[in-house]
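Computed from the coordinates by the stated procedures, all read-outs in this text should not be read as laboratory data. Computed from a predicted structure; not experimentally measured. Here the Cβ positions follow ideal geometry from the backbone for every residue, glycine too, while neighbour counts run over all protein chains shown.
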Amino acid sequence: MILEFDGEVFRWDARTESWFFAALPEDLSAEIREIPRPARGFGSVRVAVTIGGTSWRTSIFPDGGRGAYVLPLKRSVREAEGIGDGDVVRVRVDVLDA
């Protein structure tokens, strides 16, 4: 399953580190939840992601407060694509756990 969406980048401060994420839209998150797959830690789902010219593999995680999955954006991706807090990014996600 391949999905594309625009997501706003937000920062979540945990302890001494800052983590950056983009939330998937609620409707796409609902579609992902419907996919039969083996259970993984924290409800994570393995994905391949592309933003701009950067592609990588990671996992998305459910965020109960948002009612959607969130995509972590590691520093190397943010630096390569010039992404900052509050930016809106075009994301392509290929769900691998399907």
Checklist entry - So how far apart, in nm, are the two label points at A80 and R46 if each is 7 Å from Cα heading toward Cβ? => result 2.0 nm
Checklist entry - Nearest 20 debye, what's the magnitude of the dipole of the chain about its Cα centre given +1 on Lys and Arg Cβ and -1 on Asp and Glu Cβ? => result 440 debye
Next on the checklist: Only sites in a loop by DSSP and with at most 14 other Cβ atoms within 10 Å count here; which trypsin sites (Lys or Arg not before Pro) in segment 20-56 make the cut?
Outcome noted: R40
Checklist entry - Candidates [x] 50, 14, 6; [y] 23, 14, 11; [z] 21, 15, 13; which is the computed semi-axes √(5λ) of the Cα gyration tensor in Å? => result [z]
Item to check | 3J(HN,Hα) from dihedral phi, segment 48-63, Karplus parametrisation 6.51/-1.76/1.60, rounded to Hz, x for glycine, proline | outcome: 10, 10, 9, 10, x, x, 10, 10, 7, 10, 7, 10, 9, 10, x, 10
Next on the checklist: Which residues does the label zone of R33 cover in segment 53-67, counting backbone N under 12 Å from a point 7 Å along Cα→Cβ?
Outcome noted: 62-67
Next on the checklist: Give me W19, W12 sorted ascending by neighbouring Cβ count inside 10 Å, so fewest comes first.
Outcome noted: W12, W19
Checklist entry - What number, rounded to the nearest 500 deg cm²/dmol, is the helix-based mean residue ellipticity at 222 nm of the chain, given -39500 (n - 2.57) per DSSP H run of at least four residues and division by all its residues? => result -4000 deg cm²/dmol
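Before anything else, pin down the relative contact order of the chain: Cα pairs under 8 Å, at least 6 apart, normalised by residue count, whole percent.
Once normalised by length, the contact order is 42 percent.
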